[in-house]
Amino acid sequence: MKLKLSDEVQFIKGVGPRWAERLSKLEIKTVKDLLYYFPREYEDRSQISQIKYTAVGEKANFRVEVLKVEYQKIRNKLDLLRVTFSDGSDVVNGIWYNQSYLRDQFNKGDKYIISGKISEKNWRKYNRKEINNPVYEKLDSEASVLNTGRIVPVYSLTEGLTQRRLRRIIANAIKSHASLLKDQLPQFILKKFKFPNLKTSILGMHFPKNQKHQKVSRRRLAFEEFFYLQLYALEEKKKYNELKGIKHEFIAAENKKILEELEFELTSAQNRVWSEIRKDMESELTMSRLLQGDVGSGKTIVAALALLETMANGYQGIFMAPTEILAEQHYLNFKELLSKFNYKIHLLTGSVKSSERKNIETEIEKGNSDLIIGTHALFQESLNYDKPGLIVIDEQHRFGVEQRHSLKEKGDNPDLLIMTATPIPRSMAMLIYGDLDLSVIDEMPPGRKKIATFWRRENRRKKIYEFAKEKIDEGRQSYIVCPLIEKSEEMPKLISAEELYKDLNSGFFKDYKLALLHSSIPADEKKEIMENFRDGKIDILIATTVIEVGVDVSNASIMIIENAERFGLAQLHQLRGRVGRGRYQSYCILISNPPGEDSAHRLEIMCKSNNGFLIAEEDLKMRGPGEFFGTKQHGIDDLKVASLIDDQELLVKARDEAGIIVKDKNWQQKYKEIAEIISRIELKI
Ligand code: ADP
Ligand code: MG
């Protein structure tokens, strides 16, 4: 029979149907699965020590010969096996309780490598060197040494499976099937990075000859994982970028006019990203760009410049916000910003009344609308734009590849700009947004004061309120964010916005103007509340995370977060970003009695840092990539070896190499097998 990597694992020596069943619990079904089932860690048992010179209590490995085997029944349910080993320098006993089946394993004169710790207790008690339950491996000419006397792989196991058995099974699979492992990575890459071939690498992952062997093997396999994902991303990118789209022209007069409207100068980062965007818009190819910038870094004005350019060219600008509150806010902003221009601006959200909506849609379809701001309603299938030139998506880091491609259908390949304040670590952005060009605003507008952040226990609430009162009396406004809308029976310890509003409105803050804002409040009421808050008619807004992204009220300088332990780092950072948007010193107060170390650690990070990227990196480290995005479907789950945290430089290299490959129009013919791998990747967000 011809061997294949897709052979069922039960045909590997030592497996059979019973063990195959157990291995399937580890998602190991084929020989290939088995070979790619990598250790979770390694234990270095390669150093051989001498018994005589090894301190009691220290872990060590000895090359020994069996001197004596004693077996003893101590009482009814307790028996003892004591094997005396010598390495010529001294003797040591191996001690096993209730493992009488090992009796026949050891015979006088047999040679072994054993590993373990010389028991301190037994040394003190009996003055004997003894190891309880030593790891042992017989040294006979035939079998390879798997369990000690080497760097030993340690796997994640399932019930009934032991390290010993799994090591043996994997070693058998390597013996029978490893020669079938063929390199798919191009030879020039293997050479360039001095990567070992695939077979050597798989061996190096399981049974490395030394540390270096393991390290280079791991690097090679990690590179390979990144490489395929980057090839996929760059292919997707080509699909968008190579589309002929709209060639915008720079209209200097209009651009100047809007810049003169501003009370500030653009930062150099804003200028840089604007020129990157311009370059794309003014090329005949389609733009597909991600604009990243921390909360408050000033992305909106950059979007405004781009939208103005498309309008000045006679096209429609489309601006999508994630929530109605934000759409509303942007609508008001843009109306003011563009008040000296003659453009027609419309707001289109789910809550626009259907009669009015018909009107707006007609205006859009007839081309009487120049700038359309809204929510998802903007992309309903039935809505046909007259001449869409640029689509801006605000605060949508989950706007997936599929969704992005579907936008192309609107009009003649309009340019696309996605903006996010979610400070996705660069490595993550490259992986998930590998198909987009990336612009980063890495600088804050001048004069921003660091938001002073404090973490306080719940018993300090009164003091915190007094502090807020003081600031409100000075003319500022405050947010208080709660994890729940209404009281929950299941989570009695969590504070709800409704309760808190009631309490404070008739209690501590009864002389102040309070308002309640959450997702189940009707849209027009929400709108009114936000307008009133913006106009300074409300002192304290008690809210849920509906205000998480984008809300921009520069007079608000206090953010109080109840049950702060309930929020993730990214969320806390976003919430904090609602303050510190103007010239006032701002404060973020996290109220929490954290239940665990993790949440305490998060709160500490928040107090220490205002830098979104740093916080995102920490978040990624704490939660791991799978959870970072709250969904498990973006290909990063396929990373078995590579780490987004530790292998960032490798990711950059993989992208460079992938870039070289896709430059060649015929690469899919040259590298058929790789093309086949790529065609199976599906990156969903
Ligand atoms: P975000 O990037 O979070 O969307 P915004 O675009 O809402 O940030 O900008 C935050 C605030 O900073 C706004 O009030 C905006 O007017 C202001 N702003 C933007 N750019 C500058 C700048 N260069 N100098 C001063 N203030 C600026
Ligand atoms: Mg914004």
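What residue, of I681, I660, is at pLDDT 85 or above, open to solvent by 20 Å² or more (accessible area, probe 1.4 Å), within 19 Å of K238 (Cβ to Cβ) and not acidic (D, E)?
Checking each option against the conditions leaves just I660.
Out of all the residues in region 267-282, is one or more assigned by TED's automatic domain parsing to the domain that holds F319, within 16 Å of ligand 2 (Cβ to nearest atom) and over 28 Å from the mean Cα position of the chain (by Cα)?
Scanning region 267-282, I find at least one residue that is assigned by TED's automatic domain parsing to the domain that holds F319, within 16 Å of ligand 2 (Cβ to nearest atom) and over 28 Å from the mean Cα position of the chain (by Cα), so the answer is yes.
Against the condition part of a loop (DSSP other than H, G, I, E, B) and in contact (Cβ under 8 Å) with a residue 12 or more places away in the chain, how does P196 come out, does it pass?
The answer is yes for P196.
Exactly one of these conditions fails for R165: (1) in the same structural domain as R103 (by TED's automatic domain parsing); (2) of a type in the set (D, E, K, R); (3) under 30 Å from R18 (Cα atoms); (4) in a helix (DSSP H, G or I). Give me its number.
(1)
Residues that are at pLDDT 85 or above and not in a loop (DSSP other than H, G, I, E, B): does region 397-407 have at least one?
No - not one qualifying residue is present in region 397-407.
I want to confirm something. Restricting to region 292-322 and keeping residues that are hydrophobic (A, V, I, L, M, F, W, C), within 16 Å of ligand 1 (Cβ to nearest atom) and open to solvent by 10 Å² or more (accessible area, probe 1.4 Å), which single residue is farthest from D552 (Cα to Cα)?
I301
Could you list all residues from region 67-118 that are part of a loop (DSSP other than H, G, I, E, B) and open to solvent by 60 Å² or more (accessible area, probe 1.4 Å)?
N76, K77, G88, N98, N107, K108
When residues of region 426-453 are filtered for being buried (at least 22 other Cβ atoms within 10 Å of the Cβ) and within 16 Å of E276 (Cα to Cα), how many remain?
Looking only at that region, the number is 3.
Please determine, by comparing only the residues of region 262-291 that are of a type in the set (D, E) and within 11 Å of ligand 1 (Cβ to nearest atom), which one is modelled with the highest pLDDT.
E265
Which residues, counting only those in region 163-191, are open to solvent by 70 Å² or more (accessible area, probe 1.4 Å) and either without any contact (Cβ under 8 Å) to a residue 12 or more places away in the chain or among the basic types (K, R) (or both)?
R164, R165, R168, K175, K182, Q187, F188, K191 - these are the residues of region 163-191 that are open to solvent by 70 Å² or more (accessible area, probe 1.4 Å) and either without any contact (Cβ under 8 Å) to a residue 12 or more places away in the chain or among the basic types (K, R) (or both).
The values are calculated or read from the model by the stated rules, or taken from the named source; none is laboratory data. Everything quoted here is computed from the prediction, not taken from an experiment. Positions of Cβ are generated from backbone atoms using ideal geometry, with glycine treated the same way; all protein chains shown enter the neighbour counts. All accessible areas refer to the heavy atoms of the entire protein, side chains included, with ligands and DNA or RNA removed. Shrake-Rupley method; radii C 1.70, N 1.55, O 1.52, S 1.80 Å.
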